[in-house]
């Protein structure tokens, strides 16, 4: 029987997935402040950036510096996204706790986003695993299958193909895998069906869900995955982020909204939702003019929230 009171981990991805689509460069000092304040609010996993060529994503050119600071914070798992072996080598040299290798189940999206087919990404994971093992590092390799529920470039993505790629990533050497609704096509029924099949196939090596709030269903989709025992989810402060191949869509699940839901359900008692909400206000000032999302900031916390959230 699933433990419906087991704690849930929120992995903040705003510093990577959120910022990568924003043109104005957020200063490194601000990013470090962001990391520090999220950690102080109880967040214990943060994706601090990505090791990609600076000319492609100048917003993330300071990933190594932000990662170095994140590694000084007690109990914080600092993760980075890496698109290839070279990026992985940088992540290993910098001492990242986890590196996420993205793979798109949609061939058209994979070529547009990564310039590789899905199976070429799998082959790259094999090389990354060899490099990790040769280095003696303990960096965890997570293979993330994106567009798992559909894609704006192709439409339907076959669940059998998603499952094939999950297994292929593990066979290539990924330590664990995750599923992502990159463009916000999923609904709770789709989530339940695909995650249930994925859990039967790979068990507890399926470790995370990544949902976009494109059509307002991110939290509902998270609840559907939680009901199956998934206990780790990506979110972005102020809901920033999104996919360049889904124009007009809103971004990730908002961290402050997810934290509120989890705390109210007794699933994340160590998260300081008020502190996250305050930080959201600061980030909004830093990103003036950029599209922000989420709901909690409009209404604020209920007056009796601390008492209510502490109840069993």
Scan of segment 208-235 for residues that are within 17 Å of residue 262 (Cβ to Cβ), touching a residue at least 40 places away in the same chain (Cβ under 8 Å) and outside any helix (DSSP H, G or I), ordered by number:
208, 210, 211, 213, 227, 228, 229, 231, 232, 233, 234, 235
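Looking at 231, 250 in this structure, which one is more than 21 Å from residue 25 (Cβ to Cβ), modelled with pLDDT under 90, surrounded by 14 or more Cβ atoms within 10 Å (Cβ to Cβ) and under 17 Å from the mean Cα position of the chain (by Cα)? Give the steps one after another, and end with the answer.
Details: 231 fails: modelled with pLDDT under 90.
The conditions single out 250.
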Residues within segment 165-202 that are crowded, with 21+ Cβ neighbours inside 10 Å and assigned to a loop (DSSP other than H, G, I, E, B), tallied
6
Given segment 258-310, what helices (runs of 4 or more DSSP H) lie entirely inside it while holding 3 or more residues that are modelled with pLDDT of 95 or more and either surrounded by 12 or more Cβ atoms within 10 Å (Cβ to Cβ) or in contact with a strand residue (DSSP E or B) (Cβ under 9 Å, 6 or more places away or on another chain) (or both)?
273-286
Return a yes/no flag: does segment 51-74 have any residue that is within 15 Å of the chain's Cα centre (by Cα) and either under 17 Å from residue 270 (Cβ atoms) or buried (at least 21 other Cβ atoms within 10 Å of the Cβ) (or both).
no
Go through (1) at positive phi; (2) in contact (Cβ under 8 Å) with a residue 40 or more places away in the chain; (3) under 13 Å from the mean Cα position of the chain (by Cα) and name the single condition residue 42 misses.
(3)
From the list 183, 177, 191, 202, pick out the single residue that is in contact with a helix residue (DSSP H, G or I) (Cβ under 9 Å, 6 or more places away or on another chain) and modelled with pLDDT under 95.
183
How about segment 143-161: which of its residues are surrounded by fewer than 21 Cβ atoms within 10 Å (Cβ to Cβ) and either closer than 28 Å to residue 89 by Cβ or in contact with a helix residue (DSSP H, G or I) (Cβ under 7 Å, 6 or more places away or on another chain) (or both)?
153, 154, 159
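The values are calculated or read from the model by the stated rules, or taken from the named source; none is laboratory data. This one's a predicted model, so the numbers in the text were calculated from it and none came from an experiment. Using ideal geometry, Cβ is built from the backbone for each residue, glycine included, and neighbour counts are taken over all protein chains shown.
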